[in-house]
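The values are calculated or read from the model by the stated rules, or taken from the named source; none is laboratory data. Note that the structure is a prediction, hence the values are computed from the model and not measured. A quick note on method: Cβ atoms are made from the backbone with ideal geometry, for glycine too, and the neighbour counts reach across all protein chains shown.
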Amino acid sequence: MKLSRGLRLIALLVMLVGLSIISSGCFFLLNDPPTASFAATPAEGLSPLLVSFNGSQSTDDEGVVSYTWDFGDGWGAMGSTCQHMYTQPGLYTARLTVEDAYGEWDATTQTIAVLSGQTIDRHFTWSSHGTTWSWGIAVPETLHAHYTSLIHRPFCYDTGPCDWYRYVLDPDDDSFIESLSETLYGAIAPYYDNLLSTYHGFLQFALDFVTGAIPYTLDSLPDEWPRYPLETLVESIGDCEDTGILYCSIVRSYTPSTHLIFFPTHVASAVPVSWDFISSCDYTVGYYEYDGALYVICETTGDPPGYWQVGELPSSLEAEWTGGGFWFYDVGLRTGMQAKGLVHEP
C-alpha cells in the first residue's frame, strides 16, 4: 500500500522526533499510579481475633511491586497477603500502602472491630402484620462504649438542615445494623410474593419495630443530643431524632436513598415508594418528589403511643407539610433543601 505524500511527511517527522529523543537520552514515560484495595476477613469479632488480609485486588497498569501493612496496633507486615492476631478489644484502623516500580503509591484503610466477650442484652416486642413479634439482640459492650465516648454531637443550624447524616452513615456499627436489617427483612419476606411488595412490606415492618419497640421519650438536658442507632437500641428509648436516625439506618440497605425530615420542632424520616403504593393507601399520605422519585413521610415516634403507617401524615404536621415549612436531607448524598409537601387523600 502506498502512502500519500502528506502521510509520508508525518511519518518522517515522527521518526525524526523519536530519534532526537533517543539521542538526547531523554525518555518520557506515562505511568498511572496504583489503586490500593484489600479484603479483611473477618472485619469484626471477639478478642483475640485472627484477621486474614488480602491486598491482591490492588491494581496497577504495570503491576504492584510493594505491599506495606499497618494493622493499627503498632504492628505491621509486608506482602500481598498476611494474617494478624488482635489480642485486645478495640477499634483498629488497618492500612495498606501499595507502590509500583516508579515510586507511585496509593493507600486505603478499613476499620477492624475487636470486641470483648461481654454483651449488653436487650429484648424487644412489637406488633406487625397481625402478629406479635419478639426479638433479642446482644450488643458488644466495647462497641456501645465506643459510641457513648463520642463527645462531639453535631446539632442543627438555624439557616438549614441538620448535618445528622453522620449518625446514620457512621461505619463502626454498619455490620451490626446491617445484620439487624437483614433479620427484619428475612422475617417479613415470606409474607409477600414479589420484590416490590416485599420492599414496601419491609418498610412498614421496620417502622412498626421502631415505633412499637422503642418507646417515645423526650431527652432531658444535658442529654439533649441525637443518639447513634446502637445507643438507641441499648437505651431502648428515644425521641424523634433518635428514632428517625434509627429507622433510616435500618432501611437504608434496601432503599435507593433515605431522607431525614426536619420541621421547626420535630424530626421524621422519608423513604422512596411507588405511586401505586401511594394511591392504594386508605389514609392521608404526605409525599414529595425529588430527583425523579416519590418520597413519603415516616413518623417514627409512636407518639401518641401506637403505630404509624408508612406515608401516614400526622394531622399536627399537615400545615407545615403543605406550607413548605420543612427541610429534607438526603442521607446518602449529604445534601438537603427546603421543600413543600403534597398530600394524597384516600
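Does region 259-281 include one or more residues that are part of a helix (DSSP H, G or I), out of contact with any Phe, Trp or Tyr (no Cβ under 7 Å at 6 or more places or on another chain), under 24 Å from His152 (Cα atoms) and charged (D, E, K, R)?
no
Identify, please: which residue in region 148-176 is among the aromatic types (Phe, Trp, Tyr) and modelled with pLDDT of 80 or more and is, among those, farthest from Phe328 (Cα to Cα)?
Phe176
Only one of these is out of contact with any His (no Cβ under 8 Å at 6 or more places or on another chain), of a type in the set (S, T, N, Q), at pLDDT below 95 and within 23 Å of Leu195 (Cβ to Cβ): Thr301, Thr255. Name it.
The unique qualifying residue is Thr255.
Taking region 272-289 as the region of interest, how many residues are touching a residue at least 60 places away in the same chain (Cβ under 8 Å), surrounded by fewer than 16 Cβ atoms within 10 Å (Cβ to Cβ) and under 26 Å from the mean Cα position of the chain (by Cα)?
Count: 1.
Can you tell me which of (1) surrounded by 14 or more Cβ atoms within 10 Å (Cβ to Cβ); (2) closer than 15 Å to Thr300 by Cβ; (3) more than 22 Å from the chain's Cα centre (by Cα) is the one Leu218 doesn't meet?
(1) is the only condition that Leu218 fails.
As an exercise: evaluate Gly311 against (1) surrounded by 24 or more Cβ atoms within 10 Å (Cβ to Cβ); (2) on the phi < 0 side of the Ramachandran plot and give the number of the one condition it does not meet.
(2)
Residues checked against (1) among the β-branched types (Val, Ile, Thr); (2) in contact with a Pro (Cβ under 8 Å, 6 or more places away or on another chain); (3) within 17 Å of Thr183 (Cβ to Cβ):
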position	(1), (2), (3)
Trp75	no, no, no
Gln88	no, no, no
Thr109	yes, no, no
Thr119	yes, yes, yes
Arg122	no, no, yes
Gly130	no, no, no
Glu141	no, no, no
Ala145	no, no, no
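From the list Gly292, Gly332, Gly324, which one is surrounded by 12 or more Cβ atoms within 10 Å (Cβ to Cβ) and either in the same structural domain as Arg227 (by TED's automatic domain parsing) or free of Cβ contacts under 8 Å to residues at least 12 places away in the same chain (or both)?
Exactly one residue qualifies, and that residue is Gly332.
Can you go through Ser257, Ser236, Ser269, Ser249 and tell me which one is within 23 Å of Asp170 (Cβ to Cβ), in contact with an Asp or Glu (Cβ under 9 Å, 6 or more places away or on another chain) and surrounded by fewer than 23 Cβ atoms within 10 Å (Cβ to Cβ)?
None of the others qualify; the one that does is Ser257.
If Asp193 satisfies every condition in (1) modelled with pLDDT of 90 or more; (2) under 29 Å from Ala43 (Cβ atoms) but one, which is the exception?
Condition not satisfied by Asp193: (2).
Conditions tested, residue by residue: (1) touching a Phe, Trp or Tyr at 6+ places or on another chain (Cβ under 7 Å); (2) in the same structural domain as Phe209 (by TED's automatic domain parsing); (3) closer than 27 Å to Val234 by Cβ.
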| position | (1), (2), (3) |
| --- | --- |
| Tyr92 | yes, no, yes |
| Ala101 | no, no, no |
| His123 | no, yes, yes |
| Thr131 | no, yes, yes |
| Gly136 | no, yes, yes |
| Pro140 | no, yes, yes |
| His146 | no, yes, yes |
| Ile151 | no, yes, yes |
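Search region 133-155 for residues that are over 14 Å from Gly117 (Cα atoms) and surrounded by 13 or more Cβ atoms within 10 Å (Cβ to Cβ) and pair each with any residue that is modelled with pLDDT under 85 and not hydrophobic (A, V, I, L, M, F, W, C) when their beta-carbon atoms are under 6 Å apart and the residues are at least 6 apart or on different chains.
Pro154/Asp163
Do any strands (runs of 3 or more DSSP E) entirely within region 50-110 hold 3 or more residues that are surrounded by 14 or more Cβ atoms within 10 Å (Cβ to Cβ), and if so, which?
Output list reads 64-70, 81-86, 90-100.
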